[in-house]
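As structure tokens, the structure follows; a few thoughts come after it.
The values are calculated or read from the model by the stated rules, or taken from the named source; none is laboratory data. Everything quoted here is computed from the prediction, not taken from an experiment. Virtual Cβ from ideal backbone geometry, glycine too; neighbours counted across all protein chains shown.
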Amino acid sequence: MTLSFWLWVLLAAALGWVFGRRYDRHKQARRSAERAKRYFKGLSYVLNDQPDKAIDMFVELVNVDPETVDTHFALGNLYRRRGETERAIRIHQNILSRLLLPPAHRSHAQYELGLDYFAAGILDRAEEIFLDLQQDGVYRRSCQKELLALYQQTREWDKAANIADAMRNEGAEDAAPMLAHFYCELAEQALAANRFELTRQRLQTALELDDKSVRASLVAARVAIAEQDDAAFEASLQRMLQQDATLFVEVLALLEIWGKQHAERERQLLNEAIAAGAGASVVLALAERIRASDGDRATGEYLITQLKLRPSLRELLKLVELHVQHAQGSTRESLALLQDVLQRLVAKLPRYRCRRCGFQGKQLHWRCPSCKTWNSVRPVTGIEGE
């Protein structure tokens, strides 16, 4: 064959390649235009509040081109945030149905589906997904946090403790105090069943995890009362004063019961608590003991001394109440009016506040009902609080 023949062959091949490229580009451009048209149509369904049609459109698109999967993730998240969990589940299940889905996308879809089930209250399905997916290093910590939230919601404290312990061993700094609360929860369950030895074991574990756990000391005081162990009861109260004296208010009901047989020691413990920084509730408790033994005059003098050291509306109200009982005529009327104003004011004041989110309430929550944080709720201090 001549050289010119091979030149013609090469030229024909080159022309075929060029025209083929142009045809492929033209075909790809048409596909991109069609895909864009479908996306705009799907978005119009969303904007016109036709979510079912929008889902159908986007599901059809993902079946045509897997590169659109990120858009589906975004749409599923949008529906979940809006509370439309059924639609979010449908989208993420459709993504998982693709046989050729890359492993990273499959794991992401499983995680999102777990969040959908959790939001929808289908907790067993959510738990199953998070337990399986926590073996994936990328999603392990996220799944652990979701499992913690789930087990706390269902009050499965043993399972929550297992997850928190794994997180602690893996270096999570905030896991130990949280794990201590889980053991306190388990201790309270054991105490309710009168299993005192198991209760003490769990409390000991809680204190090893967090030596500042006032809750563990408080439960230990309850165990001591149940077993009539005076030494253990006093030891628990002393430990509370070292941990956080502002929370000594939580043991006042137990102390009153115990004080019926140990009146003098009860007053000593109240004085120690006030010296350590306990608030108005403890001052008022001691004022009641003084009133029972020494009368109204001594009680009034004590309250005046405390008000000079640390002003408190609640202590002032108690002082005014004492004076009302002994006043007469117009003086009594004026003091009664002041008493009424103070009562209304104090009744509206919160007793506890979350240091993280600002949640306020009348009783202590070991876990904030608003931001779900452990150890963040503390007594309100100052003139309007403790």
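Out of the residues in region 68-92 that are modelled with pLDDT under 90 and either among the polar types (S, T, N, Q) or not assigned by TED's automatic domain parsing to the domain that holds residue 138 (or both), which is nearest to residue 136 (Cα to Cα)?
77
Could you look through region 143-165, keep only residues that are small (Gly, Ala, Ser) and in contact with a helix residue (DSSP H, G or I) (Cβ under 7 Å, 6 or more places away or on another chain), and pick out the one that is surrounded by the most Cβ atoms within 10 Å (Cβ to Cβ)?
164
Restricting to region 182-205, what's the tally of residues that are closer than 19 Å to residue 235 by Cβ and either in the same structural domain as residue 149 (by TED's automatic domain parsing) or hydrophobic (A, V, I, L, M, F, W, C) (or both)?
5
Go over the candidates 306, 363 one by one and state the one that is within 20 Å of the chain's Cα centre (by Cα) and under 29 Å from residue 264 (Cα atoms).
363
From the list 238, 243, 268, exactly one residue is more than 21 Å from residue 378 (Cβ to Cβ), among the polar types (S, T, N, Q) and surrounded by fewer than 23 Cβ atoms within 10 Å (Cβ to Cβ). Which is it?
268
Return yes when residue 299 is in contact with a strand residue (DSSP E or B) (Cβ under 7 Å, 6 or more places away or on another chain), closer than 25 Å to residue 379 by Cα, touching a residue at least 12 places away in the same chain (Cβ under 8 Å) and assigned to a helix (DSSP H, G or I) and no when it is not.
Spelling it out, it is not the case that residue 299 is in contact with a strand residue (DSSP E or B) (Cβ under 7 Å, 6 or more places away or on another chain), closer than 25 Å to residue 379 by Cα, touching a residue at least 12 places away in the same chain (Cβ under 8 Å) and assigned to a helix (DSSP H, G or I).
Given the options 173, 188, name the one that is out of contact with any Leu (no Cβ under 9 Å at 6 or more places or on another chain), over 23 Å from residue 114 (Cβ atoms), surrounded by 15 or more Cβ atoms within 10 Å (Cβ to Cβ) and not hydrophobic (A, V, I, L, M, F, W, C).
Checking each option against the conditions leaves just 188.
Every residue, every condition in (1) touching an Asp or Glu at 6+ places or on another chain (Cβ under 9 Å); (2) of a type outside the set (Ser, Thr, Tyr); (3) not in a helix (DSSP H, G or I), yes or no:
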residue	(1), (2), (3)
325	yes, yes, no
336	no, yes, no
350	yes, yes, yes
365	no, yes, yes
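Failed condition for residue 237, given (1) of a type outside the set (Gly, Ala, Ser); (2) over 31 Å from the mean Cα position of the chain (by Cα); (3) closer than 29 Å to residue 164 by Cα, with all others met?
Against the list (1) of a type outside the set (Gly, Ala, Ser); (2) over 31 Å from the mean Cα position of the chain (by Cα); (3) closer than 29 Å to residue 164 by Cα, residue 237 comes up short only on (2).
Which one is nearest to residue 367 (Cα to Cα) among residues in region 153-202 that are modelled with pLDDT of 95 or more and not in a helix (DSSP H, G or I)?
155
Condition first: small (Gly, Ala, Ser) and closer than 18 Å to residue 266 by Cβ. Now tell me which residues in region 290-303 satisfy that.
292, 293, 298
So, of the residues in region 335-376 that are among the small types (Gly, Ala, Ser) and surrounded by 13 or more Cβ atoms within 10 Å (Cβ to Cβ), which turns out to be nearest to residue 178 (Cα to Cα)?
Result: 376.
Would you mind telling me which numbered condition in (1) at pLDDT below 95; (2) in a helix (DSSP H, G or I); (3) in contact with a Ser or Thr (Cβ under 9 Å, 6 or more places away or on another chain) residue 318 fails?
Here residue 318 clears every test but (1).
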